[in-house]
Amino acid sequence: MSAITTTSDVLDEALRQAGLEDAFDDRGQAFEDCPGCGAHNGLKLSLARGQVHCAACGTQGPLLAYLREKVEAGEWNHEPFSEAEIIPIQPRLPRPDLELVPEREPAIPAQADPTPLIAELVDDGDRATDNASGTKRSEASGVTGERIIITLLALVFLGAGLAAAALSGFANFQAFSLGVSEPGQARVWGWSGVIASICSFGGFTFFWWHLSGHRRGEALRALVFALAGAGTSIAGTTLYMVNNEQGQAVKWQSANDLRALTETEIADWTRQLEGIPADTRSIDGLKAYLAGVEAAGRTHQKPYRDAQNELGLAERRAVLEQNIATARAELRQAVTIGSDARRAQSLPAWFFALMLELFSSQATSIAFVSLLLLYGRQPHQVDHAQMQDELAGIV
């Protein structure tokens with residue numbers, strides 16, 4: 001065998017029995033006619049790899065098996081060697097733990113009885129399957145808990161977003177309807193503001209849904225649609241708030257004017273009340289006195305006429321007192337209206353409209369997209385899970 005020295009007594013004996021102890025060169029390679037296809041010197045024998053391989057037909061197998069078959073058959077007569085002894089070196093599926101043996105590593109001699117090794121591999125596979133099953137169960141429980149939590153949060157966000165959208169739609173309805181004087185057309189334009197609010201949160205929902213599915217063209221178009229609805233809704237809500245502020249300012253100014261007028265009237269009525277003598281009797285007493293005088297037939301006397309004049313003063317006093325009380329009640333109401341109008345001006349209209357639009361559009365879109373991702377169809381994830389199951393079953 002020239003300078004090549006084998007590392008296995010079994011292999012040395014097989015080479016001597018096959019008459020190939022001197023057929024290998026310095027690299028540990030020899031060539032013979034292929035028993036599968038009959039190619040002349042087409043079968044390559046390698047001591048380093050412990051393999052035989054035919055470049056013409058692709059036949060390959062262990063070197064030791066080839067030598068044993070050669071000794072037992074005596075001569076090949078171009079018959080392929082036993083199928084039971086041919087072991088493909090290419091695995092059916094790529095696995096990181098199954099690697100080809102490099103050419104520089106010596107071949108491991110064949111075991112006399114490979115049954116214990118096979119049994120051990122089967123046991124390891126069972127243990128790996130049990131571990132994988134336990135892992136899948138733990139992952140499934142974790143996914144279920146995560147789904148419940150996200151679902152509850154999505155429902156909370158959905159309720160808040162729809163409530164904000166309802167407020168935005170109401171504001172848009174009121175603002176847009178004020179732009180038209182005719183009642184029927186005012187209602188039509190008012191509902192256009194409600195449609196803008198719906199388009200806002202619906203468009204953002206489609207945007208995030210398309211973006212999560214990597215449909216960038218559709219996502220961009222939905223974003224343009226959503227921004228148009230959001231801009232219209234913000235403008236409508238801002239206009240509604242501005243109109244309210246202007247209305248409250250008018251009320252406050254009117255209340256100030258009414259307060260000044262009322263104060264003037266109260267002062268005038270008070271001066272008139274001060275002109276009535278303080279010893280003027282009550283209306284009921286004077287009426288009783290006059291009725292007695294009339295019953296006695298003394299209406300021609302001066303006390304009767306004085307009592308009539310005093311009754312007029314008493315009635316005038318009652319009217320002035322009633323006017324003063326009513327005016328003071330209106331004055332207190334005007335002061336309350338003016339203070340409310342001043343307090344309402346503390347929040348800018350544009351800020352309120354912008355935040356309301358963010359709440360209505362983003363909260364609803366977040367909730368809808370979360371529910372779609374949780375309970376919608378996801379083909380790529382289903383295919384990936386099926387592939388993992390198939391790989392686990394094959395291995």
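Just to be sure I understand, how many residues within the range 7-33 are touching a residue at least 40 places away in the same chain (Cβ under 8 Å) and closer than 16 Å to GLN60 by Cα?
Just the residues of the range 7-33 that are touching a residue at least 40 places away in the same chain (Cβ under 8 Å), to begin with: 7-8, 10-11, 14-15, 17-18, 20, 33.
Still in the list and also closer than 16 Å to GLN60 by Cα: 33.
Result for the range 7-33: 1.
Could you identify the single residue in ARG332, ARG317, ARG281, ARG342 that is at pLDDT 85 or above, in a helix (DSSP H, G or I) and more than 30 Å from ALA222 (Cβ to Cβ)? Outline the logic, then answer.
Details: ARG332 fails: at pLDDT 85 or above; ARG281 fails: in a helix (DSSP H, G or I); ARG342 fails: at pLDDT 85 or above.
Only one candidate passes the filter, namely ARG317.
So which residues in the range 248-272 are without any contact (Cβ under 8 Å) to a residue 40 or more places away in the chain and among the hydrophobic types (A, V, I, L, M, F, W, C)?
Those that are without any contact (Cβ under 8 Å) to a residue 40 or more places away in the chain and among the hydrophobic types (A, V, I, L, M, F, W, C): VAL250, ALA260, LEU261, ALA267.
Counting residues that are over 60 Å from the mean Cα position of the chain (by Cα) and modelled with pLDDT of 50 or more, which strands (runs of 3 or more DSSP E) fully inside the range 1-114 reach at least 3? Give the steps one after another, and end with the answer.
Details: elements: 29-32, 43-46, 51-54, 60-62.
Correct list: 29-32, 43-46.
Part of a helix (DSSP H, G or I), over 35 Å from the mean Cα position of the chain (by Cα) and within 27 Å of GLY190 (Cα to Cα): which single residue out of GLU245, GLU263 fits that description?
Values: GLU263 fails: within 27 Å of GLY190 (Cα to Cα).
On inspection, the qualifying residue turns out to be GLU245.
Given (1) modelled with pLDDT of 85 or more; (2) more than 30 Å from MET241 (Cα to Cα), where does GLY159 come up short, assuming only one miss?
(2)
A quick yes/no check of all residues on (1) more than 17 Å from the chain's Cα centre (by Cα); (2) more than 27 Å from ALA367 (Cβ to Cβ); (3) assigned to a helix (DSSP H, G or I); (4) among the aliphatic types (A, V, I, L, M):
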position: LEU152; (1), (2), (3), (4): no, no, yes, yes
position: ALA160; (1), (2), (3), (4): no, no, yes, yes
position: VAL188; (1), (2), (3), (4): yes, yes, yes, yes
position: HIS214; (1), (2), (3), (4): no, no, no, no
position: GLU218; (1), (2), (3), (4): yes, no, yes, no
position: THR238; (1), (2), (3), (4): yes, no, yes, no
position: LYS251; (1), (2), (3), (4): yes, yes, yes, no
position: SER254; (1), (2), (3), (4): yes, yes, yes, no
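Quick one: in the range 265-311, of everything that is of a type in the set (Val, Ile, Thr) and closer than 30 Å to ALA329 by Cβ, which residue is surrounded by the fewest Cβ atoms within 10 Å (Cβ to Cβ)? Show your work before the answer.
Taking the range 265-311 as the starting set, the residues that turn out to be of a type in the set (Val, Ile, Thr) are 266, 270, 276, 280, 283, 293, 299.
From what's left, closer than 30 Å to ALA329 by Cβ: 266, 270, 276, 280, 283.
Values: ILE266: 18, THR270: 11, ILE276: 14, THR280: 16, ILE283: 16.
Only one residue fits best here, namely THR270.
The values are calculated or read from the model by the stated rules, or taken from the named source; none is laboratory data. The structure displayed is predicted, hence computed values, not measured ones. When we count neighbours, we look across all protein chains shown, and the Cβ atoms used for this are built from the backbone with ideal geometry, even at glycine.
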